[in-house]
1. If Asp102 satisfies all but one of (1) farther than 29 Å from Ile382 by Cα; (2) in contact (Cβ under 8 Å) with a residue 24 or more places away in the chain; (3) charged (D, E, K, R), what's the number of the condition it fails?
2. Taking Ser239 as the residue in question, decide whether it is polar (S, T, N, Q), under 29 Å from Glu129 (Cα atoms) and crowded, with 23+ Cβ neighbours inside 10 Å.
3. Checking the condition within 16 Å of ligand 4 (Cβ to nearest atom) and in contact (Cβ under 8 Å) with a residue 24 or more places away in the chain, which residue from Ser119, Ser145, Ser166 passes?
4. Restricting to the stretch 337-352, and then to whatever is open to solvent by 10 Å² or more (accessible area, probe 1.4 Å) and touching a Phe, Trp or Tyr at 6+ places or on another chain (Cβ under 9 Å), can you tell me which residue is nearest to Val392 (Cα to Cα)?
5. Quick one: count up the residues across the stretch 145-171 that are of a type in the set (Val, Ile, Thr) and either in a loop (DSSP other than H, G, I, E, B) or within 16 Å of ligand 2 (Cβ to nearest atom) (or both).
6. Please specify each residue of the stretch 353-376 satisfying the condition of being open to solvent by 60 Å² or more (accessible area, probe 1.4 Å) and farther than 17 Å from Gly301 by Cβ.
7. If a residue must be within 16 Å of ligand 2 (Cβ to nearest atom), surrounded by 24 or more Cβ atoms within 10 Å (Cβ to Cβ) and either more than 19 Å from Tyr272 (Cβ to Cβ) or of a type outside the set (Val, Ile, Thr) (or both), how many such residues does the stretch 311-332 contain?
8. Among Val179, Val131, which is the only one that is within 16 Å of ligand 1 (Cβ to nearest atom), at pLDDT 95 or above and among the β-branched types (Val, Ile, Thr)?
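The values are calculated or read from the model by the stated rules, or taken from the named source; none is laboratory data. As the structure is a computational prediction, the values presented were derived from the model and not from experiment. When we count neighbours, we look across all protein chains shown, and the Cβ atoms used for this are built from the backbone with ideal geometry, even at glycine. What goes into the accessible areas is simple: the full protein's heavy atoms, side chains included, and nothing from ligands, DNA or RNA. Shrake-Rupley method; radii C 1.70, N 1.55, O 1.52, S 1.80 Å.
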Amino acid sequence: MTTTVIKGGTVVTADLTYKADVKIEGGRITEIGPDLAGDTVLDAAGCYVMPGGIDPHVHLEMPFMGTYSADNFESGTRAALSGGTTTVVDFCLPEPGQSLMDALKRWDNKTAQASCDYSFHMAVTWWGEQVFDDMAAVVGRGINSFKHFMAYKGALMVNDDELFASFTRCAALGALPLVHAENGDVVAALQEKLMAEGNTGPEAHAYSRPPEVEGEATNRAIMIADMAGVPLYVVHASSEEAHEAIRRARQKGMRVYGEPLIQHLTLDEGEYANPDWDHAARRVMSPPFRDRKHQDSLWAGLASGSLQVVATDHCAFTTAQKRFGVGDFRKIPNGTGGLEDRLSMLWTYGVATGRLTMNEFVAVTSTNIAKILNMYPKKGAILVGSDADIVVLDPKRGKTITRPPSSRRSTTTSSRASR
Ligand code: URP
Ligand code: ZN
Ligand code: ZN
Ligand code: ZN
């Protein structure tokens, strides 16, 4: 078998930074040390050699809000790889009444064109004996995490009794429940009120989902998980209220994990005030972007360890799809992209600004989620025997992300590329 050596770089992991060559054979790391030789030698002088990014929250070609998210496994995983993400975890979404295993077959059929590693979470979108039974079969397939939507009333939302039943089942199976934590009943009521008052534009999406809606649901999910005796993973935690609930639970000794998105860390609610309807609608996602206070809280959580993972929730829609919601913001498909740019944005706004160390960067983009999802040390590590999912990041080579002219408020944002 031929060997490849990444030579002369600085290995950066979640806990160590050191100079070493890395030898790869058959897709695995076989040796780490000085002066290694191989059939192919890649010069990494001046570069950082890090575990490939894992994005645990993507929606590729997902049926949602009357359409399908625009990136599929072909385009989505190419985007991931070009930005240094080598593993994605997508959400398998059963229709109401559909067996989880049937839904999984459908998801398996979507992945033929994938160019990076992938896995699935299973969503629990309804409850019944069939779901109870299927959950064991899903775990038997190696899928050990179950997502629950506390929002999207009338579609994906599950109620508290269903949450408790599913969390209890997760506890029995040794599985990890995930929650989209927003109070779907209150969101629906606020949406009605805003529409009745004539607030039909994309900015009303944000008004209908204030931080309290998220804080309440996060607290509720944590309490229900505690009663069910199971850990909990809170996806797209976007507010100080959600972070506070997670922090408090962890201080009490509960295994509760929080996942901010790169979008919430770097974009704020001002995006919805843009007079260009398309601009604002393209940024409609749930939870919405928030003000600076919330962003600062999320950054602090990543640095202090009360939040563990930075994901994207990549769920891209074209402008034509977003325009389904002209005249009624409730019909704008919820979701934004980020898969290609997560690492470079977090490097620029996290590491280059001093908010995160390089080791913390690796922890929150790769190692922590590998441990939470039982992929470690196959993934998330530079160790002999680990998968050779490696990012070589050249801090001197730039990748520039510019705002479209209509939204350019300060200057161009420039970001260091990971390749
Ligand atoms: O707005 C979002 N986040 N769309 C994707 C589905 C979800 O809620 O994660
Ligand atoms: Zn969600
Ligand atoms: Zn999502
Ligand atoms: Zn791999």
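1. Among (1) farther than 29 Å from Ile382 by Cα; (2) in contact (Cβ under 8 Å) with a residue 24 or more places away in the chain; (3) charged (D, E, K, R), the lone unmet condition for Asp102 is (2).
2. In short, no.
3. Only one candidate qualifies: Ser119.
4. Trp347
5. Qualifying residue count for the region: 1.
6. Lys371, Asn374, Tyr376
7. Going through the stretch 311-332 one residue at a time, the tally reaches 6.
8. Testing whether each residue is within 16 Å of ligand 1 (Cβ to nearest atom), at pLDDT 95 or above and among the β-branched types (Val, Ile, Thr) leaves just Val179.
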